[in-house]
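The structure appears below as structure tokens.
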Amino acid sequence: MKKKILTALGLILIGCCANLGAAEFQAQVHGDIYGQPKVIDDFDGDGHKDIIFGATDGKVHIFSSTGREIFRPPYWPKQTGGPILSDVQLADLDGDARTEVIVASQDGKVYCLNSLGREKWILDTRGKILVSAPEIADVDGSGQQNVFVGSKSGTVSRIGPDGHLVWEVKMDKSVSAAIVTSDLDGDGVKEVVCKDDGGRVTLLRVGGSKMNGWPQETAANLTWPFNVDANDIDGDGIKEVFTTTPDKKFIMWNMTGEKLSEFGLSDGAHTAPRLADLNGDGKDEFIIGQADGTITVCDKNGNSLPGWPFATGHAIYHAPRIMDIDGNGTLDLVFTAWDPKGIGERAGYVMALSRNGVKLDGYPKYIGKTVAPLTFADLDNDGYLEMIAAGGINYTGKQLHVIKTRARNKIKVAIIGQQINFD
């Protein structure tokens, strides 16, 4: 079934939307989705949460949980100045209890929109913003959210809630990897962790100055960035910094730049490794979704847990989500993968593995070529989480997929955006 809606923007083809039941559907979108779809509060007044994302048509789209796109000309869908390959972010930047939409476009600009789709401010970074979404954080305990973003101009920028440029730090190369803000030493102030396309990892203070011992050198990025992150690995209250590299290594440092660990992988991971205690021994393991399609679960020295690694043989762009997707009381790993040899919907899929590396019944679920991470939320308020997946890149299928799961809505909920977080 195809529907055509006449709007002030012209004749817009919604495409085929197969309604598979309450809060489960597939929908055609004008433009491919590379970023993670997010969930926002009820936008169209139907009593259910809605889905927001950017696409390669340069627009921010909002879909009802019934599978229909919401049209509010001339603002929604919202046109930016270039394709959108990164996540749309949701935050109350100015403290007025209203959610702003923050999106980075390949025109090099960061857009802040209100709920009506009107521009509150735009900041030009003077270089393309590839696949990494802006980081939103209150870094100094002031109660004000700031926006941090890297750019192909070779800069890392801190933007105030009103859109003014607080500082801009020049890196040695362009910056495609995600910017991370994290309180590394537990003093209540967050540091800024960044990695340029030359592979240099740098720690910045909130004022923009480089910390002693940094940058640290790793192999240069390829077409897609290999991200960096930070977490407290040994439980001493001080976070370590870690990344993977295109020359197939995992590297970890302390906050002064001293190398603590390095081991080989079958490939690097575009998304930084996640941490979770899968075997219940009280210690977190690294969960690494590698670019060659291998999922590794190991300790900080690279020793794999029994049952791991798991090889899909297909490209993985994002680390798995860690959650109990089948409702049996144990954690699972859920992720998307892309099969370059697959045809149509077989070009990509969602895979789910048990904590022991065993494929779960009913998986894979084919959705066409996909590189985006998954989102989980209870869209229809029935107590169970739906899985929201972006697929269908390059006309291999429909772009937006909402799939029912047996996961229960009982894990941490972010108030703004209503997104469920598991890791």
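Annotations for the structure displayed:
- Using only the C-alpha atoms, the convex hull of segment 19-176 corresponds to 108 Å³ per residue.
- Checking every one of the trypsin sites (Lys or Arg not before Pro) in segment 134-207 against DSSP loop status and a limit of 14 other Cβ atoms within 10 Å picks out Arg205.
- For Leu90, Leu260, Leu400, the ranking by accessible surface with the largest value first comes to Leu260, Leu90, Leu400, using a 1.4 Å probe.
- Sorted largest first, extent of the chain alpha carbons per principal axis (Å): 60, 50, 38
- About the centre of its Cα atoms, the chain shows a dipole size close to 1460 debye [charges on the beta carbon of Lys, Arg (+1) and Asp, Glu (-1) only; nearest 20 debye].
- Our estimate of slack between Asp361 and Ser304, defined as 0.36 nm per intervening residue step minus the Cα-Cα distance, is 18.1 nm.
- Share of carbon and sulfur in the accessible heavy-atom surface of the chain [1.4 Å probe, %]: 48 percent
- For segment 321-364, the spread of Cα coordinates along the three principal axes comes to 35, 16, 14 Å, biggest extent given first.
- Lys341-Asp42 FRET efficiency (beta carbon distance; Förster radius 51 Å; 0.05 resolution): 0.80
- Of interest is the spacing of the C-alpha centroids, which for segment 31-95 and segment 200-259 amounts to 32 Å.
- Cα-only Debye scattering, segment 193-324: base-10 log of I(q)/I(0) at q = 0.11, 0.19, 0.22 Å⁻¹: -0.37, -1.08, -1.38
- The GNM of the chain, with springs linking C-alpha atoms under 10 angstrom apart, assigns the highest mean-square fluctuation among Gly362, Gly186, Gly199 to Gly362.
- Site pair Lys248 and His30 shows an inter-label distance of 4.5 nm when each label is modelled 7 Å from Cα along Cα→Cβ.
- GNM remark for the chain: springs join alpha carbons under 10 Å apart, and the peak mean-square fluctuation among Ser157, Ser176, Ser86 falls on Ser157.
- Share antiparallel - DSSP beta bridges, segment 23-137, percent rounded to 5: 100 percent
- Mean Cα-pair separation over length for the chain, i.e. relative contact order, pairs under 8 Å, 6 or more apart, %: 11 percent
- Most fluctuating residue given options Gln106, Gln26, Gln216, as computed from a GNM of the chain linking Cα atoms under 10 Å: Gln216
- Environment charge of Tyr395, counting only residues whose C-beta is closer than 13 Å and scoring Lys/Arg +1, Asp/Glu -1: 0
- Approximate spin-label separation Ala97-Lys283, in nm, with each point projected 7 Å along Cα-to-Cβ: 4.8 nm
- Distance between modelled label sites at Asp172 and Ser115, nm, 7 Å Cα→Cβ extension: 4.7 nm
- Value in Å of the Kirkwood radius, where segment 100-157 supplies the Cα pairs that are averaged: 11.9 Å
- The chain - share of DSSP beta bridges that are antiparallel (%, nearest 5): 100 percent
- Largest accessible area first, the listed residues Tyr384, Tyr75 line up as Tyr75, Tyr384 when surface is computed with a 1.4 Å probe on the assembled protein chains.
- Lys, Arg +1 and Asp, Glu -1 on Cβ, resulting dipole of segment 38-172 about Cα centre, debye, nearest 20: 500 debye
- Based on protein heavy atoms only, the chain ends up with 39 Å² per residue of surface accessible to a 1.4 Å probe.
- Sum of side-chain charges, His164 neighbourhood, beta-carbon under 14 Å (Lys, Arg +1; Asp, Glu -1): -2
- Cβ-Cβ FRET estimate between Ser209 and Asp183, R0 fixed at 25 Å, reported to 0.05: 0.90
The values are calculated or read from the model by the stated rules, or taken from the named source; none is laboratory data. Keep in mind it's a predicted model, so treat the numbers as computed, not measured. With ideal geometry, Cβ positions are generated from the backbone for all residues, glycine too; neighbour counts draw on all protein chains shown. All accessible areas refer to the heavy atoms of the entire protein, side chains included, with ligands and DNA or RNA removed. Shrake-Rupley method; radii C 1.70, N 1.55, O 1.52, S 1.80 Å.
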